[in-house]
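What follows is a single structure, written as structure tokens, with notes after it.
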Amino acid sequence: MTTRADYLALAEELAEHDRRYYVDAAPTISDVEYDRLLVRLRGLEAAHPDWIVEWSPTRRVAPAPVSSFPKVVRDTPMLSLDNTYDEDELRAFHDRVIKGLDGEAPGYVVEPKIDGFGIELTYKGGLLVLGATRGDGTIGEDVTANLRTVHGVALRLREPVDLIVRGEVYITKADFAAINAARAAAGEEPFKNPRNTAAGSIKQLDPREVARRPMKTILYEIVGGERLAKGHLDALALLHRLGLPVSEHNTQASDWDALRAAVEDWRDRRDALPYEVDGLVIKVDSFDQRAALGVTSKFPRWAIAYKFPARQVTTTVKELEINVGRTGAITPVAILEPVEVSGTTVSRVSLHNWDQVARLDLGDGDRVLIEKAGEIIPQVLGVTERAATPRWTAPASCPSCDSPLEREDGKVVLVCPNRLACPAQRHAAIEFFAGRGQMNIDGLGEKIIAQLLEAGMVQDVADLFDLTADGLAGLERFGETSARNLVAAIARAKEAATFSRLLAALGIAHVGGVVARPIAQRFGRLSALVAAADAQDGEAFVASLCELDGVGEVIARAVDRFCRDEHARAIVAKLIARDVDPEEPRVEVADGPLTGKTLVVTGTLSRPRAEVQAAIEAAGGKIAGSVSKKTHYLVAGADVGKTKLEAAAKHGVAVIDEVALAVLIRGEAPGVP
Ligand code: IVH
């Protein structure tokens, strides 16, 4: 018999595991054990809805959107911080503090200034009752439902206290990069920086959308903290005891030299933090001293921000480089006068597409402002000074083969239709074929490919298999050993290849590693695939491909086009003639709870996607690359793309999270349709 007390104990146990995971980053049980507890809790809640408590770990995400955010008026405004940009200004702050304390020595705490979104959490009797934005300081917005989805935000504190805390919601640099990678893969514009993304996410009306954004929080101030603690470090220790995340980086400094040294020290360490920081916050520790110093109408006199030098820099654009990609996409790249940004030298920056070139109105010799988005990918923010030079425009013909360019209907992308007859696409195709994740030919990099093409030793990927050590040894920069090594690497790659890897390496549009697998399973080898295409007309072939899991019409048409393309056919024939026609190992479909089910896995998960897919296959499930009417479940991790969700909605596919997947794999009552 389970009692309500058992239920509460279980909910508390899970909340404690959440804290260990999200607050202390020190979990004490495995994900599987956690999932098992969560499934039990869900089961109890389903059986006894009247037992459910608002702070239950199952109740972080509200099931429906809100129409607007009510205003919140606060008694103690959220002040901002006065800024300093150099040592002299910091020294002036220190002198003011000493003066304000009548010569008494202050103790400082130096901590990172997190470049996130300011929030305030209100707890009553230990329960989260309100989560609000900063707004203009006095009037903010009630975004409680959204902040509940942020895992470090405790729904219930370890003690039943009344408390108002302030802090920052942020997205780590790694999570931000993952979000943008997913957006790029889905053909969506990348987000500009983690701060705006966090702010935008918190202001979404649908908490379910918010929950998909991997946000974290760090809390740093207690309103009226002097009731509970004697100083800042003391208050942080209290917050941590109550189960809230606080920064572990708090350097103490008790005189000017120590303060200067602490600030200096952070200059090099800031990049090592997992989140972006735009400076440091220097705070007087003692609450008595803070009271003595007081506040102005805008800032506290007991704290100051020390801003790091800007990460936006200006430089001159030298020229426009027109890049021809593997699929023929023509992308504009600005070649820059090399300049240091956020620790690396930037000399080229992608402008993404020609609409962007038109928007920026760029030309040779312009001065531009650049920044690294998420401190990783450089971007042009705008032009600060225009040179008297012609403005850049989209080319009419391919810079490599001179073919007239085409614009795919409704898309911003310009393409060269000449495919493999275009030297630049040929280069890119060989580079892709040899690359990691495809044929993995060690040592066959961009420069060597250019050399081989230049020397006329290869025209296409099939020619790689004709290379001999003797032939290579005649080339510049090739010694006998390096020539032998490359030939051996190509032989190894040929040996190791499966049909699905080869198929993906050929770079057919939309056919990546996942899609290639059902096709490879069905046809067994490349020669059989083209033979099947020859044996029937296009429509019948497309229809037969569409029967495969994860293969929809767009993919099927791309495969059909490839099989009937003159250049592609010539390459395929050459590959087969060189015995590059590997067989696909047969996968016995495991028998398990997921037998007969097709799943698509997407978004950022708690473990590598390949692991999750392997677990599904081990349970008898099949993996598909895109959602179709043949899909049974879409397993959605954080930041799942809109396209996939829309496809799932269209085809009535159940969208489940990792926890529900774990339930399915164990073969327990699914709890989903
Ligand atoms: S203390 C009255 N500590 O910076 C002082 N603020 O420009 C309260 N911020 O609005 C702020 N990291 O959103 C404090 N460690 C930190 C911070 C921090 C980031 C933000 C905060 C504040 C803004 C001031």
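Candidates are the residues of region 159-172 that are assigned to a loop (DSSP other than H, G, I, E, B) and either out of contact with any helix residue (DSSP H, G or I) (no Cβ under 8 Å at 6 or more places or on another chain) or of a type in the set (Asp, Glu) (or both); the one that is nearest to the ligand (Cβ to nearest atom) is Asp162.
Only a single item in (1) of a type in the set (Phe, Trp, Tyr); (2) within 28 Å of Glu104 (Cα to Cα); (3) more than 10 Å from the ligand (Cβ to nearest atom) is not met by Phe308, and it is number (2).
Give region 200-227 a look and list any residue that's within 16 Å of the ligand (Cβ to nearest atom), part of a loop (DSSP other than H, G, I, E, B) and within 18 Å of the chain's Cα centre (by Cα), or say none. If the condition is that a residue be within 16 Å of the ligand (Cβ to nearest atom), part of a loop (DSSP other than H, G, I, E, B) and within 18 Å of the chain's Cα centre (by Cα), then Met215 is the only one that fits. Inside region 517-538, residues that are farther than 24 Å from Asn418 by Cα and either open to solvent by 30 Å² or more (accessible area, probe 1.4 Å) or polar (S, T, N, Q) (or both) make up a count of 10. Among the candidates Gln252, Gln289, the residue that is touching a Leu at 6+ places or on another chain (Cβ under 9 Å), modelled with pLDDT of 90 or more, within 16 Å of the ligand (Cβ to nearest atom) and open to solvent by 60 Å² or more (accessible area, probe 1.4 Å) is uniquely Gln252. Identification of helices (runs of 4 or more DSSP H) wholly contained in region 416-491 with 3 or more residues that are in contact (Cβ under 8 Å) with a residue 24 or more places away in the chain yields 423-434, 446-454.
Residues in region 388-416 that are open to solvent by less than 50 Å² (accessible area, probe 1.4 Å) and either in contact with a Lys or Arg (Cβ under 8 Å, 6 or more places away or on another chain) or over 23 Å from Lys318 (Cβ atoms) (or both): Cys401, Ser403, Leu405, Leu414, Val415, Cys416. Tell me whether region 173-193 contains one or more residues that are on the phi > 0 side of the Ramachandran plot and within 13 Å of the ligand (Cβ to nearest atom). Scanning region 173-193 turns up no residue that is on the phi > 0 side of the Ramachandran plot and within 13 Å of the ligand (Cβ to nearest atom).
Among the helices (runs of 4 or more DSSP H) confined wholly to region 30-148, which include 3 or more residues that are under 25 Å from Tyr220 (Cα atoms), open to solvent by 60 Å² or more (accessible area, probe 1.4 Å) and away from the ligand (no atom under 16 Å from the Cβ)? So that I can check it myself, show each step before the final result.
Details: elements: 31-47, 87-100, 144-148.
Answer list for region 30-148: 87-100.
Sort through Leu506, Leu502 and tell me the only one that's modelled with pLDDT of 90 or more, under 30 Å from the mean Cα position of the chain (by Cα), surrounded by fewer than 22 Cβ atoms within 10 Å (Cβ to Cβ) and of a type in the set (A, V, I, L, M, F, W, C). The conditions single out Leu506. Taking the numbered list (1) on the phi > 0 side of the Ramachandran plot; (2) open to solvent by 60 Å² or more (accessible area, probe 1.4 Å) in turn, Lys597 passes all entries but (1). Just name the residue that is nearest to the ligand (Cβ to nearest atom) out of those in region 277-286 that are open to solvent by less than 20 Å² (accessible area, probe 1.4 Å) and not hydrophobic (A, V, I, L, M, F, W, C). Among those that are open to solvent by less than 20 Å² (accessible area, probe 1.4 Å) and not hydrophobic (A, V, I, L, M, F, W, C), it is Lys283.
The values are calculated or read from the model by the stated rules, or taken from the named source; none is laboratory data. Keep in mind it's a predicted model, so treat the numbers as computed, not measured. A quick note on method: Cβ atoms are made from the backbone with ideal geometry, for glycine too, and the neighbour counts reach across all protein chains shown. Please note that ligands, DNA and RNA were not included when accessible areas were found on the heavy atoms of the full protein model with its side chains. Shrake-Rupley method; radii C 1.70, N 1.55, O 1.52, S 1.80 Å.
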